[in-house]
There are 2 protein chains.
Amino acid sequence: MTDVFGLSHKDAGSVTGQTRHEQVVFCSDERSGLRAIIAIHNTALGPALGGTRFYPYESEQAALADVLNLSRAMAYKNALAGLDLGGGKAVIIGDPAADKSEALLRAYGRFVQSLGGRYFTACDVGTYSEDMDVVARESSYVTGRTLAHGGAGDSSILTAYGVFQGMRAAAEHSWGSPSLRGRRVGVEGVGKVGHRLVDHLVEDGAEVVVCDVSERAVERLVGRHPQVRVVADRLELTASALDVYAPCALGGALDDDTVARLSATVVCGGANNQLGHPGVEKQLADRGILYAPDYVVNAGGVIQVADEIEGFNMDRARAKATQIYDTTLKIFSSAAEDGVPPAVAADRLAERRMSEVGRIRGIWLGH
Amino acid sequence: MTDVFGLSHKDAGSVTGQTRHEQVVFCSDERSGLRAIIAIHNTALGPALGGTRFYPYESEQAALADVLNLSRAMAYKNALAGLDLGGGKAVIIGDPAADKSEALLRAYGRFVQSLGGRYFTACDVGTYSEDMDVVARESSYVTGRTLAHGGAGDSSILTAYGVFQGMRAAAEHSWGSPSLRGRRVGVEGVGKVGHRLVDHLVEDGAEVVVCDVSERAVERLVGRHPQVRVVADRLELTASALDVYAPCALGGALDDDTVARLSATVVCGGANNQLGHPGVEKQLADRGILYAPDYVVNAGGVIQVADEIEGFNMDRARAKATQIYDTTLKIFSSAAEDGVPPAVAADRLAERRMSEVGRIRGIWLGH
């Protein structure tokens, strides 16, 4: 049994662990087939924001486990992105190819609306800006919309830009200069985020090595940047002589074998959930590898869509994403001071902001 | 695993069966210790209304099972009470004696408020009008408040009155006159609802037999009505020569043994969930016993508190509760026409109202 509250329960630990979620909302609309779970980890800093994942989960338990984890991660990401937003996420149980319909998306929109702005949604796996436009026909609390509807458009633009800022901070911390000129950077995955990261790296004068399971993605990249070296797969990439390893594909890139194999002394990429299991952050630190926490450096995307709440302005959003450089530097120095891995330092900083800034709402203002 | 959506799942049937709940909201506030589940069965007829049960459930699953069942029952009750309200219910997991606090009740109130009026709360087991006044300091969607705060006060007044109306309808259907004069009525349980029902019965000229596990309750009743006969226990009561049996104590009064034992030809009482298991309604019908469905005749209480939404007016609420007479008669004739037990006829009428009246909101009005 999945235990939403994380009550003491024999087999509940795997889902909620020690986290307590403020609100978890199961939504159902029989006619349209909607089955969704919206999870709000906390609203200490403001309304919870996070995307809607549309995925054919094997069970309600699997969907719940995912949304609880993802919403917690959003709380930490939004906190360190400096946003006035709490952490939330939603999942729709179903096959987006078969089950997505106007009625289902609009029924979902009504449930988002029913929370009165405590949760803002956005795109995630299986949902696109066009879908958010449909959801927004029933709700005022939707980001990630199309440019035509005042949305932020493709959020991988600032995701990649933010990862680049994080990498510059890692360079500054490691080598005394933020420039990547002459550094060899291995980029795993050159899809939406990875290929844009390569653009920044090439412009900055880095030597770039890439791999991708999609030949088309590799061809497109080499067409733009003929100087980029292509290797066969992630095994060859991570075994290469690298200064920086940038995982931009699936989660779990940093497993025991990969960490043992790396010659890179910096890891900084756009993928989510890069740490394969708890303790990997310590293995990286023990090997002298500087790890820029994934959720800190890939926050450019949420920064981009969150800007829609004020009325989207790309310059303002980019300026905010530029601050990922400062935040990442701060995490590295805080980690060094406290003698902990950067991933731990990042969590502590996020928790401190939620706790210290969250409580000021207790100061009475009349509403 | 309890499956909120009632997805196909080996052991989920016992909880949700075939019902799909529109929204189930898990709410948690770590500091105050609040752990609550709000269940909205459906909002076809309007905002969901139902009480908040504060109970030391053994597990979250047990709490979830209870709130899913109770909210479904409220949907049917509210529908047949003629209210413009859907079915909802909430549970707070904890020991009210030990865990109830201002902070907890107010944290709960914020979650009720967060639903923007889709759910109105009220008292239930473990919560009192004074508690609702505290919840209302954080939420506009609270009924069951104290008279001093514009509330409906003790809702057992109209609960008992409604049960009496249902019993008059059963008398009319069975004997051609709504009067209980000279009828022998056995009232099991003379607490909040039962003793008020006895008041109505005595006034109408019925011969009343009672029992109660509380000697004090019995003494108080006999003090008011010396002519009432007292028997030792429910076994003696249900074995007595009765025209009407009125269960007003715990749920499950109508088990196989009790049904076999009854000489009464009418069952009509204030208790919830009188049918001990599915199929008992058929056994009653087979024995020629007219069963007035519990949730139909005990709806006076929710009618009383729901009236607070308009600004409480006892005369208006009583007039509405008087309609329980017509509704119960209609159920009996509909049951006779369709050749089904009254409990089945009641469910069908409730479902028809939810479906037929619910859909008219599809007529566009500009908001």
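The values are calculated or read from the model by the stated rules, or taken from the named source; none is laboratory data. Computed from a predicted model, the values in this text were never measured in an experiment. Here Cβ is always computed from backbone atoms with ideal geometry, including for glycine, and neighbour counts include all displayed protein chains. Ligands, DNA and RNA are excluded from the accessible area calculation, which covers all protein heavy atoms including side chains. Shrake-Rupley method; radii C 1.70, N 1.55, O 1.52, S 1.80 Å.
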How about segment B:41-59: which of its residues are touching a residue at least 40 places away in the same chain (Cβ under 8 Å) and farther than 24 Å from B:GLU130 by Cα?
B:HIS41, B:ASN42, B:THR43, B:ALA44, B:LEU45, B:GLY46
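Answer yes or no: is there a residue in segment A:16-23 that is among the basic types (Lys, Arg), at pLDDT 65 or above, in contact with a Phe, Trp or Tyr (Cβ under 8 Å, 6 or more places away or on another chain) and assigned to a strand (DSSP E or B).
Keep residues of segment A:16-23 that are among the basic types (Lys, Arg), which gives A:20.
With at pLDDT 65 or above added as a condition, the list becomes A:20.
Narrowing further to those that are in contact with a Phe, Trp or Tyr (Cβ under 8 Å, 6 or more places away or on another chain): A:20.
In the following step, the residues that additionally are assigned to a strand (DSSP E or B) were identified as none.
Looking for residues that are among the basic types (Lys, Arg), at pLDDT 65 or above, in contact with a Phe, Trp or Tyr (Cβ under 8 Å, 6 or more places away or on another chain) and assigned to a strand (DSSP E or B), one finds none in segment A:16-23, hence no.
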Single residue of B:ARG181, B:ARG137 found to be in the same structural domain as B:LEU290 (by TED's automatic domain parsing) and in a loop (DSSP other than H, G, I, E, B)
B:ARG181
For segment A:284-326, enumerate the residues that are part of a helix (DSSP H, G or I) and either open to solvent by 60 Å² or more (accessible area, probe 1.4 Å) or assigned by TED's automatic domain parsing to the domain that holds A:TYR128 (or both).
A:ASP286, A:ILE309, A:GLU310, A:ASP315, A:ARG316, A:ARG318, A:LYS320, A:ASP326
Just to verify a result, which residue in segment A:21-57, among those that are facing chain B (nearest Cβ under 9 Å), more than 25 Å from A:SER355 (Cβ to Cβ) and not aliphatic (A, V, I, L, M), is surrounded by the fewest Cβ atoms within 10 Å (Cβ to Cβ)?
A:GLU30
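Checking the condition over 23 Å from B:ASP154 (Cβ atoms), crowded, with 17+ Cβ neighbours inside 10 Å and of a type in the set (Gly, Ala, Ser), which residue from B:GLY176, B:GLY186, B:GLY182, B:GLY205 passes?
B:GLY186
Does B:ALA260 satisfy the criteria of being surrounded by fewer than 22 Cβ atoms within 10 Å (Cβ to Cβ), in a helix (DSSP H, G or I) and within 22 Å of the chain's Cα centre (by Cα)? Walk me through how you get there before you give the answer.
Numbers: surrounded by fewer than 22 Cβ atoms within 10 Å (Cβ to Cβ): yes; in a helix (DSSP H, G or I): yes; within 22 Å of the chain's Cα centre (by Cα): no.
No: the conditions fail for B:ALA260.
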Return a yes/no flag: does segment B:218-230 have any residue that is open to solvent by 30 Å² or more (accessible area, probe 1.4 Å) and within 21 Å of the chain's Cα centre (by Cα).
no
Could you grab me the full set of residues in segment A:241-257 that are in contact (Cβ under 8 Å) with a residue 40 or more places away in the chain and buried (at least 18 other Cβ atoms within 10 Å of the Cβ)?
A:LEU242, A:ASP243, A:VAL244, A:TYR245, A:ALA246, A:PRO247, A:CYS248, A:ALA249, A:ALA253
Quick one: in segment A:89-124, of everything that is small (Gly, Ala, Ser) and open to solvent by 30 Å² or more (accessible area, probe 1.4 Å), which residue is nearest to the other protein chains (Cβ to nearest Cβ)?
A:GLY116
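Rundown of residues vs (1) among the small types (Gly, Ala, Ser); (2) assigned to a strand (DSSP E or B); (3) closer than 23 Å to A:ASP347 by Cα; (4) in contact (Cβ under 8 Å) with a residue 24 or more places away in the chain, yes/no style:
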position	(1), (2), (3), (4)
A:GLY87	yes, yes, yes, yes
A:GLN113	no, no, no, yes
A:GLU130	no, no, no, no
A:ALA160	yes, no, yes, yes
A:MET167	no, no, yes, yes
A:SER174	yes, no, yes, yes
Quick one: A:ALA136 ticks every box in (1) open to solvent by less than 20 Å² (accessible area, probe 1.4 Å); (2) more than 14 Å from chain B (Cβ to nearest Cβ); (3) within 22 Å of A:THR43 (Cβ to Cβ); (4) in contact with a His (Cβ under 8 Å, 6 or more places away or on another chain) except a single one, so which number is it?
(1)
